[in-house]
Amino acid sequence: MAVIQKKICMIGDFSVGKTSLVARYVRQSFSDKYLTTVGVKIDTKSVTLPDQREAKLVLWDIAGADRLTSASMSYLRGAAGYLLVIDGTRRPTWDAALQLRQEVTKQIGEKPYILLLNKADLVEQWEINEDLISSERENGASILKTSAKLGSGVEDAFTLLTLKMLDVP
Amino acid sequence: MDDYSNLRALLIGEQQQQLAHLENRLNDPVQRCQEISEILPDALQRNQTVELTSALRSPVTQVVQNDPKTFARAILPVMMPSVRNTVAEAFKTLREFLKEQELKINELNKRSTIVDKQVLPTLQSQLLTFEETLKTLQSLLKNQESQLGELVERSTVVDKQILPVLQSQLKAIESDVKTLPALFTRLQEFEDVRKRFLALETRLNDAEHQTQALANLLPEAIRQATEQAQTAAMSAMKKQAEEEQKNEEKLNETQPAVSFEPDLTESLQEPVTQCIRKSIQNDANVFANALFPIMGPAIRKSINESLKSLVQSINTSVEQSLSPKGIGWRLEALRTGQSFADIVLQNTVVYRVDQVFLIHRETGLLIQHHHREDIEVGDGDAVSGMLTAIQDFTRDSFSSTKDEELDSINVGQFTVWLERGPYAVLACVVRGVAPYKLRATMKEMLEAIHARYGRHLEHFSGDPTLLDGCRSLLSKTLQAELKPEAKKEKKKLFSPTLVVVSLILLGFLGWWSVNAWHISYVQHQQFNLYLETLRQTTGLVVIESNVDKNILKIRGLRDPLAINPHEIAEQQHLSPDIIQAEWSPYQTLAPEFVLKRLQLVLSPPTTVQMHLQNTQLQVKGFADAAWIKAFEQYSQGLIGALQIDSSQLLERDAYLLQQTKTLLQPPPSVQINVKNGNIEMLGHAPNEWLEKQLPNLKNIEGIQLVKKDNLLSTDQHLHQQAVKILAPPANVALQVKNEVLFVQGDVDTKNYQTLIKKIPQLQGFKHIDHSQLVDIETASEQLVQKIEKSQLYFGEEADFVNPEQLAALNTLAQEIQQLFVYNHRLNKTMQLKITGHTDGLGTQRRNLQLSEARAEAIRDKLQTFGLEKKHLIIGTLEKVPFGEAKADLEKRTVTFVVVEKAS
């Protein structure tokens, strides 16, 4: 069976952990050191889905921002899906994510995406409460809690997104 | 009336116009072409059926035959790797194809019937509607005519009633009546129109005519459509390029509008593919014949090319690693820390395309990635994405109008050239200085890819296998150009300032170049071939070989019986001067050598055959005792044969005896003795064996002399035996036929009894027939008794009393004859005395006469039966009866007595 390639974008405010999530997912590594991403960084990862289908994910780790820049707009082009990353400890990143989602939809249309509430290892510092999450869930959003540091939820997030993308023609 | 005629003129005029328009449309081929070409792609796409395929088959086949080169070139790169597979699979799938084809034909039939059933009725119903409309029009006309009549009637009524009032009106009506002829002409026109309608109808109805017309128009239409598609594609490409330069947002909007895709090609692709496939299934020969002249040379060429490049790369690597330049490069590699291969490439290559990426423009996903075998490549997908991102980044960052694009990236000795199409980006990673023509090649490539895979590219969903067909195209971009070779550099060495040094260097260089020349590919190949031949020669074992100073040194083992390696070298035109071989003797156990050795040592006679199979030596045939002894002694220590089967090896006489017995299958009565190759045969055998089997003796080789004097036929043998045992008198004949003894002859009683007594002593006969051996002494006595008992009876006179007496006389005559024969044999002379008798009636005299008359009558009759008169005598009656009153029929007779004639 042919290996299907899919482009995935990591979107979110700066310092929410997009690069760390990619590093965790692709290289099983984590670093506390913060290096801001300039422009975009690209990684690839082959996934075998539970139903034995295979896909190759091309991960576009786009520089974080609370609004879409013209550069990041062109990076979005052709994305089959995206991960909208939120830093659970910073409420503004939540608002930025919702804003970004609108802009992205305007740019590339409705595409599968997952809201990732990152930094689940620092849950005691979270500024986002469950009410907020459940109300967004009721609006139809898929929301996962992840920790790039511990690795929890990371694999699931990418697999889930891949499944969503492959089921959308 | 005016209104009416106007109305009618209007009605008819409009219809005429419409008709004329319709006719024009139908008759104007240009317009029809236009129309058909507009709908054709759609129609073809919708109608991707077997029907279309079969309709297109012959024109497409024609096209392929007319210009097979184009097809072959297109097919070849794809075919090359799969040719082998295809050949293997073709046979396998041939049967399946045939079945499939049958199914397709069935389907075709079904479909054609469906067309007959479904389309024709529609046409017919449309026609009917037409006809009905016409009828309605006609009835309308009639109606109007009748109304006109009515109107006239009414006008007359009006005329009569209010004549004065309506006179003016009448005049008007009269003028109206004048216009009637005009009306008639209109009617006439209407009928003309109707005829044209009918003609149109028939043309529409005539499906064959339509098909014919379409067939006439189709080529033109396809050509037009192709041209349109091409111009559309061209303009789309141009437009696209222009649009791109405006800005990104606009591009996004215009993209869906730019449908530069060649519709016709797309539409035709499937049916043409199908029809080519089917044509090939139906008659692969046409294609094979058309393609072969191009493919054959192309395949040959490609093999030659790869061989050539192999030779070249070997040559260059050998030369480079051994030449002074090469040493310099090695030093450079050491100094700079780069790999030697990189340095070599830098110095020998003007440019070389190392990698080619075909990238989906929108997603940045990698569609195809081609690279040279000898380079290391990273994660192509990431590179592809990053290249896309870089383009986006540079455009966004540096181009104020956002319509300028990144064309090339320089990284050290590498240049990445980027070329964009509407849906895909082609990126070439070039080492060295790329020529401008590479750019052109890239553009052509990209256009070709877009033309072929435009649709797939537009809707690329991440599955690169759909675009595997691009591979062959992309591989063409992996071009390279080498620097013009060392000649110029050699010239530099002849610099006058370095005369002395260069003389020394020249010597050195000369040695090097001679060396390099010697160890050229050809010689390597020759050496390799020679070594390979040696390895494959039985009796030769190459233990080690190496080439030292252009001399092939071989150390190995050689069976003295093996072919001389020098001969092999001579056959391969290798000079013995460049080969140093050291062969140690050994003995190979290869069967042919074991046999050869045996033959050499024992020199077996030609009558001995030896076979060695799986360590079993089988020896057959015959030889003299001395050789067999020698063989037995030698074979005890024989290496190379574990089992020796000499059961069929015989000493010559034994062999000959065995062969004779096997071949002739002699009966046990034949004894065969063989001595010194001479065969003696004794005994006896049936004639059949003597005639059929014995001649086979000449088929046995090695027989010196055959002595078969003492070999009798069984009958002869039995005859001999019978003669010996019976010792028959001269007048007894013995005859043996098929082992049956016949004893014949007339003998006296004494001899007869002797013979009969001896007969049981005879053995080996199937049967002994002595029915023809007669004891004539006894036989004649018996005959005499029989004859003398015989009586013949008469009537009153000398006539027989009844006819039976004559038959009795006949029998008697034969017996008498036989008796006389016996007597003759026994040397006796006998006579038959015939005596007549009478009864007592009449006188004595009369009776005496009667008796004599009766005896004479018999004598006469016997004479007529062949008896000689001298043997017949008439006896006299001693006592003649007379004077009796009663007739005694019993006494009216003749009696016989056999008497010995006194000599």
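Please work out which residue is farthest from the other protein chains (Cβ to nearest Cβ), limiting yourself to the stretch B:434-487 and to residues that are among the polar types (S, T, N, Q) and closer than 17 Å to residue B:364 by Cα.
The initial filter retains those residues of the stretch B:434-487 that are among the polar types (S, T, N, Q), namely B:441, B:461, B:465, B:472, B:475, B:477, B:479.
Filter once more, keeping what is closer than 17 Å to residue B:364 by Cα: B:461, B:465.
On the way: B:461: 7, B:465: 4 Å.
My answer is B:461.
For residue A:33, which of the numbered conditions (1) more than 14 Å from every other protein chain (Cβ to nearest Cβ); (2) touching a helix residue (DSSP H, G or I) at 6+ places or on another chain (Cβ under 9 Å); (3) part of a loop (DSSP other than H, G, I, E, B) fails to hold?
(2)
Go through the stretch B:380-432 and report how many residues are free of Cβ contacts under 8 Å to residues at least 40 places away in the same chain, away from chain A (no Cβ under 14 Å) and either part of a strand (DSSP E or B) or surrounded by 19 or more Cβ atoms within 10 Å (Cβ to Cβ) (or both).
Of the residues in that region, 9 qualify.
Determine whether the stretch B:642-656 contains at least one residue that is within 49 Å of the chain's Cα centre (by Cα) and in contact (Cβ under 8 Å) with a residue 60 or more places away in the chain.
Checking the stretch B:642-656: not a single residue is within 49 Å of the chain's Cα centre (by Cα) and in contact (Cβ under 8 Å) with a residue 60 or more places away in the chain.
Condition (residue is β-branched (Val, Ile, Thr), surrounded by fewer than 16 Cβ atoms within 10 Å (Cβ to Cβ) and closer than 13 Å to residue A:158 by Cβ) applied to the stretch A:1-8: is it met by at least one residue? Before the answer, list the steps.
We begin by selecting, within the stretch A:1-8, every residue β-branched (Val, Ile, Thr); these are A:3-4, A:8.
Now narrow it down to the ones that are surrounded by fewer than 16 Cβ atoms within 10 Å (Cβ to Cβ): A:3.
Then keep just the ones that are closer than 13 Å to residue A:158 by Cβ; that gives none.
No, the conditions are met nowhere in the stretch A:1-8.
Inside the stretch A:36-59, can you point out the residues that are within 12 Å of another protein chain (Cβ to nearest Cβ), of a type in the set (A, V, I, L, M, F, W, C) and touching an Asp or Glu at 6+ places or on another chain (Cβ under 9 Å)? Let's see the steps before the verdict.
Pass one, the stretch A:36-59, residues within 12 Å of another protein chain (Cβ to nearest Cβ): A:37-46, A:53-59.
Next, only the ones that are of a type in the set (A, V, I, L, M, F, W, C) stay: A:38, A:40, A:42, A:55, A:57-59.
Across the stretch A:36-59, the qualifying residues are A:40, A:42, A:57, A:58, A:59.
Suppose we filter A:125, A:102 for residues that are of a type in the set (S, T, N, Q), at pLDDT below 90, more than 13 Å from the chain's Cα centre (by Cα) and more than 14 Å from residue A:8 (Cβ to Cβ); which single one remains?
Working: A:102 fails: at pLDDT below 90.
Result of the check over A:125, A:102: A:125.
For the stretch B:809-828, enumerate the residues that are modelled with pLDDT under 85 and either of a type in the set (Phe, Trp, Tyr) or touching a Phe, Trp or Tyr at 6+ places or on another chain (Cβ under 9 Å) (or both).
B:828, the sole residue that qualifies.
For the stretch A:91-144, name all the residues that are part of a loop (DSSP other than H, G, I, E, B) and acidic (Asp, Glu). Spell out the reasoning first.
In the first step, residues of the stretch A:91-144 are kept if they are part of a loop (DSSP other than H, G, I, E, B); the result is A:109-112, A:119, A:126-129, A:139-142.
A:110, A:127, listed by residue number.
Determine whether the stretch B:767-783 contains at least one residue that is of a type in the set (A, V, I, L, M, F, W, C), closer than 30 Å to residue B:687 by Cα and in contact (Cβ under 8 Å) with a residue 12 or more places away in the chain.
Step one: filter the stretch B:767-783 for residues of a type in the set (A, V, I, L, M, F, W, C), giving B:768, B:773-774, B:776, B:779, B:783.
Narrowing further to those that are closer than 30 Å to residue B:687 by Cα: B:768, B:773.
Still in the running and in contact (Cβ under 8 Å) with a residue 12 or more places away in the chain: B:768, B:773.
Yes, the conditions are met somewhere in the stretch B:767-783.
Which members of the stretch A:73-115 meet the condition of being in contact (Cβ under 8 Å) with a residue 24 or more places away in the chain and either within 16 Å of residue A:42 (Cα to Cα) or within 11 Å of chain B (Cβ to nearest Cβ) (or both)?
A:73, A:75, A:76, A:77, A:78, A:79, A:80, A:81, A:82, A:83, A:107, A:108
Please go through (1) small (Gly, Ala, Ser); (2) over 30 Å from residue B:713 (Cα atoms); (3) modelled with pLDDT under 85 for residue B:677 and return the number of the only condition it doesn't satisfy.
(2)
Applying the selection to the stretch A:42-68, what residues are exposed (fewer than 15 other Cβ atoms within 10 Å of the Cβ) and touching a Phe, Trp or Tyr at 6+ places or on another chain (Cβ under 9 Å)?
A:66
Please work out if residue B:135 is in a helix (DSSP H, G or I), modelled with pLDDT under 80 and not aromatic (Phe, Trp, Tyr).
On the way: in a helix (DSSP H, G or I): yes; modelled with pLDDT under 80: no; not aromatic (Phe, Trp, Tyr): yes.
No: the conditions fail for residue B:135.
Of all residues in the stretch A:60-72 being under 20 Å from residue A:109 (Cβ atoms) and under 13 Å from the mean Cα position of the chain (by Cα), which is farthest from the other protein chains (Cβ to nearest Cβ)? Before the answer, list the steps.
The first filter runs over the stretch A:60-72 and keeps only residues under 20 Å from residue A:109 (Cβ atoms), leaving A:60, A:62, A:67-72.
Still in the list and also under 13 Å from the mean Cα position of the chain (by Cα): A:60, A:62.
On the way: A:60: 6, A:62: 9 Å.
Among residues in the stretch A:60-72 that are under 20 Å from residue A:109 (Cβ atoms) and under 13 Å from the mean Cα position of the chain (by Cα), the one farthest from the other protein chains (Cβ to nearest Cβ) is A:62.
Those residues that are charged (D, E, K, R), on the phi < 0 side of the Ramachandran plot and either at pLDDT below 85 or surrounded by fewer than 18 Cβ atoms within 10 Å (Cβ to Cβ) (or both), I need them from the stretch B:527-576; list them, please. Full working, then the answer.
Within the stretch B:527-576, the first condition is being charged (D, E, K, R), and the residues that meet it are B:532, B:535, B:544, B:548-549, B:553, B:555, B:558-559, B:567, B:570.
Applying the additional criterion that residues be on the phi < 0 side of the Ramachandran plot yields B:532, B:535, B:544, B:548, B:553, B:555, B:558-559, B:567, B:570.
Once the filter is applied, which keeps residues that are charged (D, E, K, R), on the phi < 0 side of the Ramachandran plot and either at pLDDT below 85 or surrounded by fewer than 18 Cβ atoms within 10 Å (Cβ to Cβ) (or both), the stretch B:527-576 yields B:532, B:535, B:544, B:548, B:553, B:555, B:567, B:570.
The values are calculated or read from the model by the stated rules, or taken from the named source; none is laboratory data. In this text the structure is predicted, and so the values were computed from the model without any measurement. Reconstructed Cβ throughout: ideal geometry from the backbone, glycine too, with neighbour counts over all protein chains shown.
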